[in-house]
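Written below as structure tokens is the structure these notes are about.
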Amino acid sequence: MRDIKHIGILTGGGDCPGLNSVIRAITKTAVLKYGVEVIGFIDGFRGLVENNYVQLDLRRVSGIGHTGGTILGTSNRDNPFNFMTMIQGQLQPTDQSDRAISNIKHLDLDGLIVIGGDGSLNISYKFFERGINIVGVPKTIDNDLSATDITFGFITAVNTASDALDKLHTTAESHHRVMILEVMGRYAGWIALYAGMSGSADVILIPEIPYSLDAIVSKIAQRFRQGKKFSIIVVAEGAHPQGGEMVVQSLVPTSHDPVRLGGIGQKVADEVSTRLTDIETRVTVLGHLQRGGGPTPYDRILATRYGVAAVDAFMEGKYGTMVSLQGNSITTVDLQEAIKEIRKVPVDSKIVDAARSIGITFGDY
Ligand code: F6P
């Protein structure tokens with residue numbers, strides 16, 4: 001076993017349920033199993049650049065396993081390689097990676113465990129290339145990281161979206177309306193697909209399958225003819241019409257991915273209303289509710305397993321890796337492999353097939 005004494009950790013990118021379970025598992029494993037000290041940087045990579053950190057001990061992580069958010073804070077706009085810095089009274093993007101590395105050295109850290117999604121793991125890989133020992137933990141409600149079967153936080157987000165659909169169902173039925181639920185997921189349709197299947201949606205629109213308005217309208221009209229005077233549509237924020245673009249809500253220039261999506265739900269509602277003038281349509285944007293609250297038991301356990309495995313990997317010197325769930329086992333994969341591309345819903349997958357088999361339309365035909 002290596003002579004490792006201090007590990008730094010941080011949570012980067014958008015928060016998600018289960019972060020505290022990972023922080024707890026890392027700290028407990030490091031202290032109890034290996035006698036290693038852990039410090040946590042505040043607000044993700046910003047804390048690393050500004051040398052802002054807290055000591056994490058057993059007392060500090062006690063009672064947090066079931067809680068939402070992250071006790072360390074996070075940020076999805078602070079990238080040390082493109083960091084907003086005040087220069088002559090003006091905020092300008094600068095490369096602060098040397099400053100971050102010098103903080104790691106001065107704190108005598110043996111390396112970092114980074115709990116993050118696509119953006120944070122890309123940044124982590126750059127630090128790994130600069131000689132920092134890194135182990136990644138896959139986090140995101142979007143479930144869009146390749147090289148792992150599932151990211152923690154995803155199942156909790158699906159739970160929230162599915163619960164919203166159950167509620168929309170009853171009011172849709174009472175008012176004979178078309179109810180549209182816009183969910184997150186960036187460029188992947190995992191949340192929409194899983195929530196839509198669990199919440200009995202009639203139409204699921206995902207980025208991987210561009211939709212045609214005709215197909216949506218014909219599904220609603222067909223249901224109407226069958227006496228079902230309401231319909232439920234789940235639309236992923238990254239969904240877009242055939243030959244059309246995603247709806248961009250805003251841009252966050254320093255973010256690893258500056259694009260923030262949002263607004264497709266209203267666009268679909270407007271389009272449907274122009275064609276089906278007799279049926280009322282309403283839109284609910286679930287937004288950050290999907291990232292809030294405590295993790296489900298599944299995510300608590302997954303996050304705990306990831307945290308334990310990350311410390312084991314670190315102690316075994318498996319740097320430049322990410323812990324990953326493959327089937328029922330936790331293993332490690334090459335970080336470079338893990339960030340190569342985002343994981344999208346395979347359009348010919350069994351789950352898409354299953355949805356089609358029970359009459360759900362993806363708006364393509
Ligand atoms: O990656 C997680 C996520 O919640 C996406 O689903 C969403 O597109 C984005 O983050 C929203 O980011 P922000 O918190 O900056 O609004």
Task: Qualifying positions in the stretch 13-69 - surrounded by fewer than 23 Cβ atoms within 10 Å (Cβ to Cβ) and on the phi > 0 side of the Ramachandran plot - done: Gly35, Asp43, Asn51, Gly63, Gly69
Task: Flag if Asn76 is modelled with pLDDT of 95 or more and under 28 Å from Arg260 (Cα atoms) - done: no
- [ ] Within the stretch 162-191, count every residue that is touching a residue at least 24 places away in the same chain (Cβ under 8 Å) and either among the basic types (Lys, Arg) or closer than 26 Å to Gly136 by Cβ (or both).
- [x] 10
TODO: Kindly provide the set of residues from the stretch 295-336 that are hydrophobic (A, V, I, L, M, F, W, C) and farther than 16 Å from Val22 by Cα, ordered by number.
DONE: Met315, Val333, Leu335
TODO: Run Val252 past the list (1) among the hydrophobic types (A, V, I, L, M, F, W, C); (2) assigned by TED's automatic domain parsing to the domain that holds Ala192; (3) farther than 30 Å from Thr94 by Cα and report the number of the one that doesn't hold.
DONE: (3)
- [ ] Return a yes/no flag: does the stretch 298-321 have any residue that is within 24 Å of Arg343 (Cβ to Cβ) and either in a strand (DSSP E or B) or at pLDDT below 95 (or both).
- [x] yes
Open item on the list: Filter the stretch 267-293 down to the residues that are assigned to a loop (DSSP other than H, G, I, E, B), within 26 Å of the chain's Cα centre (by Cα) and surrounded by fewer than 17 Cβ atoms within 10 Å (Cβ to Cβ) and list them by number.
Closed with: Gly292, Gly293
Open item on the list: What's the number of the only condition in (1) at pLDDT 95 or above; (2) surrounded by 15 or more Cβ atoms within 10 Å (Cβ to Cβ) that Lys5 fails to meet?
Closed with: (2)
- [ ] Quick one: in the stretch 332-342, of everything that is closer than 19 Å to Phe154 by Cα and surrounded by fewer than 20 Cβ atoms within 10 Å (Cβ to Cβ), which residue is farthest from the chain's Cα centre (by Cα)?
- [x] Glu341
Open item on the list: Suppose we keep only residues that are away from the ligand (no atom under 11 Å from the Cβ) and in a loop (DSSP other than H, G, I, E, B) within the stretch 139-188. Which one would you say is farthest from Asp15 (Cα to Cα)?
Closed with: His176
- [ ] Name the one entry in Gly65, Gly47 that is more than 19 Å from Asn103 (Cα to Cα), of a type in the set (Gly, Ala, Ser) and away from the ligand (no atom under 15 Å from the Cβ).
- [x] Gly65
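The values are calculated or read from the model by the stated rules, or taken from the named source; none is laboratory data. Keep in mind it's a predicted model, so treat the numbers as computed, not measured. No Cβ is skipped: glycine too gets one built from the backbone with ideal geometry, and neighbour counts run over all protein chains shown.
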